[in-house]
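The values are calculated or read from the model by the stated rules, or taken from the named source; none is laboratory data. On a predicted model such as this, the values are computed, not experimentally measured, just so you know. With ideal geometry, Cβ positions are generated from the backbone for all residues, glycine too; neighbour counts draw on all protein chains shown. Side chains are part of the model used for accessible areas, which takes the heavy atoms of the whole protein and leaves out ligands, DNA and RNA. Shrake-Rupley method; radii C 1.70, N 1.55, O 1.52, S 1.80 Å.
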Amino acid sequence: MELEAANEAAKGRFKRVCVFCGSRAGHKSTFSEAALQLGQLLVENKIDLVYGGGSVGLMGLISQTVHNGGRHVLGVIPRALLPHEISGQTHGEVKTVADMHQRKSEMAKHADAFIALPGGYGTMEELLEMITWSQLGIHEKPVGLLNVDGYYDSLLALFDKGVEEGFIEDSARQILVSASTAGELLKKMEVDKNAFLFSFLLCVYIHFHGWAQN
């Protein structure tokens, strides 16, 4: 039932989703299962994948799943990471870029929405940059967090602490949509699109209005 609802929600909304995730699989099998489930949902909803270009870890799993399902896969990888994140066969189109900054720019340019699976520093940095770009008005695309087995509970608590201590606006906290399963996350990202747009506009207004007063 959850997957059917997610399918209906995603149809006609997203054409290409950028997924940030680890070049490792992690210790729990649930992380790999979540990557496979998300990949299958993208295929079922005829959504193409944009990702970090690696063939190992969760990146390898989701890219293979989407590619084998007949959807277009675009991987964007900095030249310096080729020996570390590509091992064996790659899936789909792989675009080599100069550095990490260009990688994120290319991924963002080709995506309609962003989703972060479990990952390390790089995954978190990419997620935070997309949240920041939304806060600054650089994009107005949904940003989702797949919080598998509570992996990101501490990060979400930190964001809430930022609001409590006055460093993050309530509107900016609403930029990020989170869920524990891929189906629930895709559904929430679609259902909440109007609320997201309102939060985005409010966040941009507060940011620049506050800047103008300083």
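Structure values in brief
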read-out: Search result, residues across the stretch 58-81 that are of a type in the set (Ser, Thr, Tyr) and buried (at least 24 other Cβ atoms within 10 Å of the Cβ); value: Ser63
read-out: Candidate set from the stretch 14-45 (those that are touching a helix residue (DSSP H, G or I) at 6+ places or on another chain (Cβ under 9 Å) and among the charged types (D, E, K, R)); member that is most open to solvent (accessible area, probe 1.4 Å); value: Arg24
read-out: Single match in Met100, Met130, Met107, Met124 (criterion: of a type outside the set (Val, Ile, Thr), at negative phi, surrounded by fewer than 20 Cβ atoms within 10 Å (Cβ to Cβ) and touching a strand residue (DSSP E or B) at 6+ places or on another chain (Cβ under 6 Å)); value: Met100
read-out: Evaluation of Trp211 against (1) surrounded by 15 or more Cβ atoms within 10 Å (Cβ to Cβ); (2) modelled with pLDDT under 95 (one fails), failing number; value: (1)
read-out: Within the stretch 146-172, considering residues that are buried (at least 17 other Cβ atoms within 10 Å of the Cβ) and not aliphatic (A, V, I, L, M), the one nearest to Leu41 (Cα to Cα); value: Asn147
read-out: Qualifying residue in the stretch 162-184 (condition: in contact with a Lys or Arg (Cβ under 7 Å, 6 or more places away or on another chain), modelled with pLDDT of 95 or more and not in a helix (DSSP H, G or I)); value: yes
read-out: Test: Glu8 is more than 17 Å from the chain's Cα centre (by Cα) and either surrounded by 19 or more Cβ atoms within 10 Å (Cβ to Cβ) or at pLDDT below 95 (or both); value: yes
